[in-house]
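Reading through the C-alpha cells given below for one structure.
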Amino acid sequence: MSPASIDDIEDVDPGLARERTELAWTRTAISFAAVGGALLRSHPAAGVPILALSLLIWELGRRPGKPGTGHARARHL
C-alpha cells in the first residue's frame, strides 16, 4: 500500500480512539455519580435521578460500536 493510496491515516490505524472514547464515557459517568452523591445529602429527590443517569451513561459507554459505522473525515487536497 503506497502512501498515495491512503486517504486518511486514521482509517488505516485508528490507534486508541475507541479506548479514549470509552474512557471519556466513564469519566462522564463518574462525574454524574459524584454530583448525584453530593446532592443526595442535601436534596435526595434530585440526587437519585442523577445517580441513575450516571449508570445509564456508564452503560451507554460500554456498548460496543459496530465496525465501519464511524464517519471518516473528508479530506480534500
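What follows is calculated from the coordinates using simple rules that are stated; it is not laboratory data. No experiment lies behind these values; they were computed from the predicted model shown. A quick note on method: Cβ atoms are made from the backbone with ideal geometry, for glycine too, and the neighbour counts reach across all protein chains shown.
The label point for residue 27 and the one for residue 58, both projected 7 Å from the Cα toward the Cβ, are 1.8 nm apart.
Each semi-axis of the equivalent ellipsoid for the range 17-62 is √(5λ) with λ an eigenvalue of the Cα gyration tensor; in descending order they amount to 24, 9, 4 Å.
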